[in-house]
Amino acid sequence: MMGEIFTSPARPFYQSTAIMELHPIDIGTYTKFIRKHFLIANKDITEETVQNVYERFEGITWYIQFISNSLYAMTATGEICTADKVSIAIENI
């Protein structure tokens, strides 16, 4: 539906933008990024946990960052966030 606004000659924004496909960010890049932010706050998250989130949401950035933010908030300073918290974070949405 949203795509039609830009690709249909009958729509007001026809050809007013360039269509661009974004592929998922590599899981290794995500793992480094998420773990870095946890470690800065003296928290940790396992690679297994990041992989769990990544796979559940098929690499879609918005969901990964939303759940990662929830996991960050759920993890106390000095604690390690493990995969068992992922389901809890999703249920809390």
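Where a number appears in this text, it was derived from the coordinates with a stated rule and is not lab data. It should be emphasised that the depicted structure is a prediction, and the values quoted were computed from it without experimental measurement. Using ideal geometry, Cβ is built from the backbone for each residue, glycine included, and neighbour counts are taken over all protein chains shown.
Values computed for the structure shown
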{"item": "Residue list for the stretch 66-93, restricted to those being within 18 Å of F33 (Cβ to Cβ) and assigned to a helix (DSSP H, G or I)", "result": "F66, I67, S68, N69, S70, L71, Y72, A73, V86, A89"}
{"item": "The stretch 19-44: number of residues that are under 15 Å from Y63 (Cα atoms) and of a type in the set (S, T, N, Q)", "result": "1"}
{"item": "Criterion violated by A18 - all others in (1) of a type in the set (G, A, S); (2) outside any helix (DSSP H, G or I); (3) surrounded by 11 or more Cβ atoms within 10 Å (Cβ to Cβ) satisfied", "result": "(3)"}
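So that you can scan it fast, the table gives a plain yes or no per residue for (1) in a loop (DSSP other than H, G, I, E, B); (2) within 13 Å of the chain's Cα centre (by Cα); (3) surrounded by fewer than 15 Cβ atoms within 10 Å (Cβ to Cβ):
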{"site": "I25", "(1), (2), (3)": "yes, yes, yes"}
{"site": "T31", "(1), (2), (3)": "no, yes, no"}
{"site": "I34", "(1), (2), (3)": "no, yes, no"}
{"site": "F38", "(1), (2), (3)": "no, no, no"}
{"site": "I64", "(1), (2), (3)": "no, yes, no"}
